[in-house]
Amino acid sequence: MVNGYEKSNDIKVIECNLRASRSFPFVSKVLKTNFIEYATKIMLGEDVTKPNKTLFDIDYIGVKASQFSFSRLSKADPVLGVDMASTGEVACIGDDYYEAILKAMLSVGYKIPKKNILMSSGPMRSKTELLESARLLDDNGYKIFSTTRGYHSFSRF
């Protein structure tokens, strides 16, 4: 698999390996479909029936998050480029997007704040989606700050 980035007609290879990256097996696991078996059969010229899977066939979500080593490497440049100075990644599965992304963030070292949280949400849909989480945080003793008076008024329960 080769991924490229083109700038001024220069192509920089950011990934090139024979095992088709770590994403291929992860997608196979999440969708419970052996895509490596499919790929092998295709390369051998065998007939393959197209998988008949959709996102509606799974009742969980899979998320991958890069794990960067900046905190471990002194003098590391914290600005990322095409070289992706990552030391690895985690793959997490949750019952919904929020659980999967929280597991992934915690797995790569993000810390949940102990007492104060700043909420900035954007459009009305985002405000509405955050409301239940804000209530849970408030119920658990977190002090919630907001970026605008309007959001503060909206989220006061």
Since Ile61 meets every condition but one in (1) at pLDDT 80 or above; (2) out of contact with any helix residue (DSSP H, G or I) (no Cβ under 6 Å at 6 or more places or on another chain); (3) of a type in the set (Val, Ile, Thr), which condition does it not meet? (2)
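Please tell me if Ser66 is under 14 Å from the mean Cα position of the chain (by Cα) and modelled with pLDDT under 90.
For Ser66, the condition - under 14 Å from the mean Cα position of the chain (by Cα) and modelled with pLDDT under 90 - is met.
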What are the residues in the range 114-130 that are touching a Lys or Arg at 6+ places or on another chain (Cβ under 8 Å) and surrounded by 11 or more Cβ atoms within 10 Å (Cβ to Cβ), if any? Ile117, Ser121
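The values are calculated or read from the model by the stated rules, or taken from the named source; none is laboratory data. Given the structure is predicted, the values throughout are model-derived calculations rather than measurements. For neighbour counting, all protein chains shown are included, and Cβ atoms are generated from backbone atoms with ideal geometry for every residue, glycine included.
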